[in-house]
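**Q** Starting off with a structure, shown below.
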Amino acid sequence: MNSFTPDQIKVIKEAQHEADKLLNDKKAFEAKFDEIFKKFDKNKDGNIGLAEYLQFFNTMLSSAGKKTADLPVAMLNFERADKNNDGEISKEEFKKEVQKRLQEFVRRKV
Ligand SMILES: [Ca+2]
Ligand SMILES: [Ca+2]
């Protein structure tokens, strides 16, 4: 069951198509990723901290038509993305996270 309207489904399918194209075009992906990274690395220290990740996570959920997540859910995802457990998500770690999210998004049924 989902509660999307036909218009929303159309928008999501278009977004999925775009995401799929991005995943298959390394150059386009890198450009888009840089844009996303700059947008969420608010303090420009080259890492995504927990507060910055929270914003990313909730932006992602709302753009997928979902409610924003509880803090524990976001924290769990943050810890998973922080592969070397240094308390911050580096640019490389964040790239893997964004790729994984895009892949999940493309595979999602609407
Ligand atoms: Ca930062
Ligand atoms: Ca890290």
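Just so it is clear, none of the values below were taken in a lab; they were calculated from the coordinates. If you're wondering where the values come from, they're calculated on a predicted model, not measured in any experiment. Neighbour counts are summed over all protein chains in view; Cβ atoms, including those assigned to glycine, are modelled from backbone coordinates with ideal geometry.
**Q** Using the Cα centre as the reference, give the magnitude of the dipole from point charges on the C-beta atoms of the chain (Lys, Arg: +1; Asp, Glu: -1; all else neutral), rounded to the nearest 20 debye. Let's see the in-between values first.
**A** Numbers: 22 positive and 20 negative charges, 95 e Å.
Dipole size: approximately 460 debye.
**Q** For the chain, build the charge dipole from Cβ charges (+1 Lys, Arg; -1 Asp, Glu) around the Cα centre, then report which of ALA74, PHE40, LEU61 sits farthest towards its positive end.
**A** LEU61
**Q** Applying 1/(1 + (r/R0)^6) with R0 = 25 Å to the Cβ-Cβ distance of GLU30 and PHE4, what FRET efficiency is obtained, to the nearest 0.05?
**A** 0.20
**Q** Can you compute 3J(HN,Hα) from phi for each residue in region 59-69, using the Karplus curve 6.51 cos²θ - 1.76 cosθ + 1.60 with θ = phi - 60°, rounded to whole Hz and x for Gly and Pro?
**A** Residue by residue, region 59-69 yields 5, 5, 5, 5, 6, 8, x, 9, 5, 5, 8 Hz.
**Q** Using only Cα atoms, locate the centre of region 1-67 and the centre of region 69-110, then give the distance between them in Å, rounded to an integer.
**A** 11
**Q** Among all stretches of the chain without exposed trypsin sites (Lys or Arg not before Pro) (DSSP loop, at most 15 other Cβ atoms within 10 Å), which one is longest? Mind showing how you got there, number by number?
**A** On the way: sites that count: LYS42, LYS44, LYS66, LYS67, LYS83, ARG108, LYS109.
Answer from the scan: 1-41.
**Q** What does the charge count around LYS96 come to, taking other residues whose C-beta lies under 12 Å from its C-beta (Lys +1, Arg +1, Asp -1, Glu -1)?
**A** Computed value for this residue: +2.
**Q** Angle, helix 6-23 long axis vs. longest principal axis of the chain, Cα atoms, 0 to 90°, nearest 10?
**A** Roughly 50 degrees between the two axes.
**Q** Return the single residue from LEU50, LEU22, LEU76 with maximal mean-square fluctuation; model: Gaussian network over the chain, springs between Cα atoms under 10 Å.
**A** LEU76
**Q** For a quick check: with amide H placed at 1.01 Å from N, whose amide H comes under 5 Å from ILE48's, ignoring anything fewer than 5 positions away on the same chain?
**A** Long-range HN contacts for ILE48: ILE89, SER90.
**Q** Next question. For the chain, take the convex hull of the Cα atoms, compute a quarter of its surface area, and give me that in nm², please.
**A** Details: hull surface 28.7 nm².
Average projection, Cα convex hull of the chain: 7.2 nm².
**Q** When only C-alpha pairs under 8 Å and at least 6 residues apart count, what is the relative contact order of region 6-107, in percent? Numbers along the way, then the final one.
**A** Numbers: 78 pairs, mean separation 32.8, N = 102.
That works out to 32 percent.
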